[in-house]
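Shown next, in structure tokens, is the structure this report addresses.
The values are calculated or read from the model by the stated rules, or taken from the named source; none is laboratory data. Computed from a predicted structure; not experimentally measured. Cβ atoms come from the backbone with ideal geometry, glycine included; neighbour counts cover every protein chain shown. For accessibility, only protein heavy atoms count, side chains too; no ligands or nucleic acids. Shrake-Rupley method; radii C 1.70, N 1.55, O 1.52, S 1.80 Å.
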Amino acid sequence: MSIAADTRPVLRLSSPTATRELYLFIAILLVGAGFTYASPYFLTPINLIQTLRAALELAIVSAGMTLVIIMGGIDVSVGGILAVTAIVIGKSYQAGLSSFLVAPIGLATGTLLGTWNGFLTTKLKVPPIIATLGSMYIFSAIMFIVIGGAWISGLPGTLSPLVNGTVLHIPASALVILVVYAACWVLLRKVPFGRHIYAIGCNETSAKLVGINVDRTKIATYALLGFLAGFAALLYVARLRNVEINIGTTVALEAIAATILGGTSIRGGVGSLLGTLLGVIFIRIIQNGLVLIGVSSLWETVIIGILLIVVLTADAIRNRNNPRV
Amino acid sequence: MVFKLSGIVKRFGGLVALDHVDFHVADSEVMALVGDNGAGKSTLIKTMSGAHIPDEGEITMLGKVMHFRSPQDAWQNGIATIYQELALAGKMTVVDNIFLGREMKRPRFGIPFLDLPAMRKRTDELLTQLDVHVPGIDSWVESMSGGQRQGVAIARALNMDARLIIMDEPTAALAVAEVRKVLDFVIRLREQGKSVVLISHNIQDVFEVSDRISVMRHGRCSRYVRPAKLPHKKSSAS
Ligand SMILES: Nc1ncnc2c1ncn2[C@@H]1O[C@H](COP(=O)(O)OP(=O)(O)OP(=O)(O)O)[C@@H](O)[C@H]1O
Ligand SMILES: [Mg+2]
């Protein structure tokens, strides 16, 4: 019946996505070795730290995206949340508010927009991809109306130590990523909330029947993704000190790609944060390496696209052999 | 009289799935519910378990009117349900499934951490008590046989320590020896003073364990039969 089902208890015990994480880790090593061979600049502390900083916002957003996708949802509007929040942050700074006020305002804005997505998918029963696509259009429109095609620039970098600083020679961006992933891991694996996320992703009807408050869990999870996108917006502003018109255009698809490459099932119910983090590193290393060896960044998108198709096809084949839900 | 439904109506669009159903079950009583496919049995027990909200009618428990808005409401009032579709999460472990929505916690620093050792221990106890054998309590239920999954669902209901236990075809996927275990379990529940609602297509099983039988047809609970009058009944029941 379930010939292809992964029932090896040892792997299962550690993590159902352990195989994928291992493959991804090996892929990162191989690609890294290739770039080290091809470019003398790749394996240098400066380049690696630069790549890490470039991965910061994507890593943070991807952690939230992982929870949403495990829950059987998706959010294609995170780029819009990031953009609108960055604008709110920029305008607040321009209004003369201090970072002590701007930071909570930014986090609250992101959380609010995430909650809006959760509300759309639960109360109005709109499929998440449609609901968040609609949100994406609304958020983009807000962004264009507010900044009208011009940049917001000259913003203070009060929070930039979170991006550029070091603590005991460890880059602060690495620590920020570590803290975010540790917190999300506790939420997903160590408290009841995470179990409910997995259960909803496995079978929403069952989750309801066993008494899980499905709507509340969903709204909270989308809100958490919004919160993390708000945090990413704060770091974006701290890093660049301006808000560019193309902010957040690629982050949603990259976060989804990192999550899927990391072994999280697009059908929900299965997934891990470690895999997602490896996915983010993989994507950013490919981008960085291709630039170093002078290949158009267009190829990066092609490579990620092909890998996604391979992964999703393998997933579909596995599920065809194991139709029982 | 512990649990009573009166005049329950449930419609799905134009379809009247429950048409003014009256139903009650007392302490230490096993109430069987039989009827054709599509008669409305599952719909009826879902209104008892809070999964459906009835369009009309009243649910009372110990004389108090209840308004179940969700399955949580029902189990907080001592009602445990084993659904026909089992309500399991396939890609989660036996332990996770048994405690889904009712996880054991060991809070530290104000964070409600899961108490995994306690849940694993309790799972072992429950499975031993029911004599259910699974490949491992950390395997996904998706990889298990129909009977094993039914065992997990029964273990979950047992763990709720409910006053009223509702079972929608709990023996459907079971072999003879396993059916025996479930029937003994039902008898034990009655001995403990609990109420049981049992849905089954197997008339033999129904006759053996139930005190009353209600026959459903086209959304109506037509009549009660008292199998207690049957001669072979006394041998197994208390
Ligand atoms: N969620 C629903 N939406 C619409 N119609 C439903 C729903 N649930 C049940 N029905 C309909 O209500 C009627 C009663 O269904 P129900 O599942 O209660 O039957 P049953 O007596 O449990 O049958 P079986 O013995 O096959 O389990 C059927 O006609 C069914 O199609
Ligand atoms: Mg039924």
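Couple of notes before you dig in:
- Total residues in the stretch B:99-147, condition at positive phi and of a type in the set (Asp, Glu): 1
- Neighbours by Cβ (under 8 Å, 6+ apart or cross-chain): first from the stretch B:47-74, without any contact (Cβ under 8 Å) to a residue 40 or more places away in the chain; second among the basic types (Lys, Arg): B:GLY50/B:ARG69; B:ALA51/A:LYS208; B:ILE53/B:ARG69; B:SER70/A:LYS208; B:PRO71/A:LYS208
- Residues (within 16 Å of ligand 1 (Cβ to nearest atom), small (Gly, Ala, Ser) and over 14 Å from the mean Cα position of the chain (by Cα)) located in the stretch B:187-225: B:SER214, B:GLY219, B:SER222
- Residues satisfying the stated conditions in the stretch B:112-171, i.e. touching a strand residue (DSSP E or B) at 6+ places or on another chain (Cβ under 7 Å), within 13 Å of chain A (Cβ to nearest Cβ) and in contact (Cβ under 8 Å) with a residue 40 or more places away in the chain: B:ILE137, B:ASP138, B:SER139, B:TRP140, B:ALA153, B:ALA157, B:MET160, B:ALA162, B:ILE166, B:ASP168
- Among the residues of the stretch B:1-17, just one is within 9 Å of ligand 1 (Cβ to nearest atom) and in contact with a Pro (Cβ under 7 Å, 6 or more places away or on another chain), namely B:LYS10.
- Members of the stretch B:64-108 that are more than 17 Å from B:LEU44 (Cα to Cα), more than 8 Å from every other protein chain (Cβ to nearest Cβ) and among the charged types (D, E, K, R): B:LYS64, B:ARG106, B:ARG108
- Any helices (runs of 4 or more DSSP H) falling wholly within the stretch A:124-241 and containing at least 3 residues that are without any contact (Cβ under 8 Å) to a residue 12 or more places away in the chain, within 30 Å of B:PRO117 (Cα to Cα) and open to solvent by 10 Å² or more (accessible area, probe 1.4 Å): A:172-185, A:204-209
- Scanning the stretch B:40-69 for residues that are within 13 Å of ligand 2 (Cβ to nearest atom) and charged (D, E, K, R) turns up B:LYS41, B:LYS46.
- When every residue of the stretch B:20-36 is checked against the conditions, none turns out to be among the aromatic types (Phe, Trp, Tyr), within 18 Å of B:GLU58 (Cα to Cα), within 15 Å of the chain's Cα centre (by Cα) and more than 13 Å from ligand 1 (Cβ to nearest atom).
- One residue from B:PRO117, B:PRO107, B:PRO71 being within 19 Å of the chain's Cα centre (by Cα) and farther than 12 Å from B:ALA155 by Cα: B:PRO71
- Odd one out for A:ALA55 among (1) touching a Lys or Arg at 6+ places or on another chain (Cβ under 9 Å); (2) at pLDDT below 90; (3) more than 14 Å from every other protein chain (Cβ to nearest Cβ): (2)
- Look at the stretch B:10-39: where a residue is open to solvent by 20 Å² or more (accessible area, probe 1.4 Å) and within 16 Å of ligand 2 (Cβ to nearest atom) and a partner is charged (D, E, K, R) and part of a strand (DSSP E or B), sitting 6+ places away or on another chain with Cβ atoms under 7 Å, you get B:ASP36/B:ARG217.
- Residue match in the stretch B:137-155 (condition: outside any loop (DSSP other than H, G, I, E, B), out of contact with any Cys (no Cβ under 9 Å at 6 or more places or on another chain), among the hydrophobic types (A, V, I, L, M, F, W, C) and within 16 Å of ligand 1 (Cβ to nearest atom)): yes
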